[in-house]
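Everything below concerns the one structure shown next.
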Amino acid sequence: MACHRATSAAAQRLQAEIDPGLARLHSGVTIRLGLQIPNFSYGTSIPELFPAVKAQAEEAEAAGFDTVLLMDHFYQLPGLGEPDEPMLEAYTALGALATATERVQLSTLVTGNTYRNPTLLAKEITTLDVVSAGRAILGIGAGWFELEHRQLGFDFDTFTERFEKLEEALQIIVPMLHGERPTFSGKWYHTESAINEPRYRDHIPIMLGGSGEKKTFRLAARYADHLNIIADISELPGKLNVLRQRCAEIDRDPATLETSCLLTVVLDGYGAPSDMGEARGGRAVTGTPDQVAEEIKRRVLDVGIDGVIINLPTHRYTPGVITKVGDALRPLVDA
């Protein structure tokens, strides 16, 4: 959707005339180059664990990344490690990273809606925005990891029910972020004049994450500022076509919905293990920094995706790797 970037301001003004409530959502977020930190298995002692996370965020900021993101999980995911590997709670860790950084936006990729009541999530993301002086992004999705739901006692429900919950949650969270006091009575959630103060700004950007063309894309078109598409690189052109259709269904200019995709980068020459599932999938990019940059430009940015979020799980925490990737990719997104 990058081809529409030049007309986005005019599109947003027109959108405001048509639907002021919808148009107010679509401002204040630009994720062009993000770093997701997907694991905390560094071979360090526990006292050394968070300093390693902090060092990655600081290196990303210095290397020109605009956003740092954590997973919102309690167990490590298949393809990245075993369930009992170290996993920090996302919003506690993001609050700490807010005090260690100055410029990068901070988000989850993405929050599982099923893990928190929507009013609690609204308070958490608003608090992060206050602590970070206006750098929070609310990344959110329906939730999917059944093992941690079952073992930790969260209701997993059916696929359809999780998306029903997500849409109800957005109808509560969005007005709370705007300073409204929503009273809501739905199938899953209920609020009565829900108060959310203090707030640093009138709107915190909302990013949906996922690949579902019928449900996730529809909700993104209606509620989000940004969609992170979780899909194989080869599928991205088709996903963008469907997303334009979902925007057209509600008369939304697709220029007002930013997009990114999540990629796993494996740099040659840094001794990264090759047995990690995420490093072999359709979202993995492998090679020298220049080769990685060329493939991302050709297969991701040139097809219309606005930005990239990369992770480096095979490298664990290797000082300098984030900088190498940033140096290679920053010219592509700054152009």
Inset, instruction - Note down the net charge around H226, summing +1 for each Lys or Arg and -1 for each Asp or Glu among other residues with Cβ under 13 Å from its Cβ. - result: -3
Inset, instruction - Rounded, prolate or oblate: pick one for region 35-76, where a ≥ b ≥ c are the square roots of the eigenvalues of its C-alpha gyration tensor, a/c under 1.5 means rounded, and failing that, prolate if a/b is larger than b/c, else oblate. - result: oblate
Inset, instruction - Please list, in chain and number order, the residues 5+ apart from N228 or on another chain whose amide H is under 5 Å from its amide H, with Hs placed from the backbone. - result: L208, G209, G210, S260
Inset, instruction - Only bridges with both residues in region 2-334 count here: give the DSSP antiparallel percent, nearest 5. - result: 5
Legend entry - For region 57-187: relative contact order, % (alpha-carbon pairs under 8 angstrom, 6 or more apart): 22
Legend entry - Under Karplus coefficients 6.51, -1.76 and 1.60, residue-wise ³J(HN,Hα) of region 141-148 in Hz, glycine/proline x: x, 7, x, 8, 7, 5, 4, 6
Inset, instruction - Would you please give the FRET efficiency between S45 and D327, computed as 1/(1 + (r/R0)^6) with r the Cβ-Cβ distance and R0 = 35 Å, to the nearest 0.05? - result: 0.70
Inset, instruction - Kindly identify region 155-224 as rounded, prolate or oblate by the Cα gyration tensor criterion: order the square roots of the eigenvalues as a ≥ b ≥ c, call it rounded if a/c is under 1.5, otherwise compare a/b with b/c, prolate if a/b is larger, else oblate. - result: oblate
Inset, instruction - Work out from phi, with θ = phi - 60° and the Karplus expression 6.51 cos²θ - 1.76 cosθ + 1.60, the ³J(HN,Hα) of each residue of region 287-302, listed in order in whole Hz, and give x for Gly and Pro. - result: x, 6, x, 5, 5, 4, 4, 5, 5, 5, 4, 6, 9, 10, 5, 6
Inset, instruction - Report relative contact order for region 2-334 in percent, whole number only (criteria: Cα-Cα under 8 Å, sequence separation at least 6). - result: 21
Legend entry - Net lengthening on full extension, A52/A96 (0.36 nm per residue, minus Cα-Cα): 14.6 nm
Inset, instruction - Could you tally the net charge around T114, taking each other residue with its Cβ under 11 Å from the Cβ of T114, Lys/Arg +1 and Asp/Glu -1? - result: -3
Legend entry - region 181-193 - phi-based ³J(HN,Hα) in whole Hz, Karplus 6.51/-1.76/1.60, Gly and Pro as x: 10, x, 10, 9, 10, x, 5, 10, 10, 9, 9, 9, 6
Legend entry - Dipole-positive endmost among H203, G269, N241 within region 199-273 (Cβ charges, Cα centre): H203
Legend entry - Summed side-chain charge close to I46 - residues other than I46 whose Cβ falls under 15 Å, Lys, Arg +1, Asp, Glu -1: -3
Legend entry - Shape of region 53-206, Cα gyration tensor, a/c cut at 1.5: oblate
Inset, instruction - Taking the Cα centre of the chain as origin, sum charge times position over the Cβ atoms of Lys and Arg (+1) and Asp and Glu (-1), and report the length of that vector in debye to the nearest 20. - result: 600
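Using helices alone, what [θ] at 222 nm do you get for the chain, with -39,500 (n - 2.57) per DSSP H run of 4 or more residues, divided over all residues and rounded to the nearest 500?
Dividing the helical sum by the residues of the chain leaves -11500 deg cm²/dmol.
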Legend entry - Chain lengthening between E213 and V303 when straightened (0.36 nm per residue, less Cα-Cα): 30.6 nm
Legend entry - Packing-based order for 114-125, 281-292, using average beta carbon neighbours within 10 Å, highest first: 114-125, 281-292
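The numbers here are math on the coordinates, done by the rules we state, and not lab data. Every value quoted in this text rests on a predicted model; they were computed, and no experiment measured them. Note: ideal-geometry Cβ built from the backbone for every residue, glycine included; neighbour counts use all protein chains shown.
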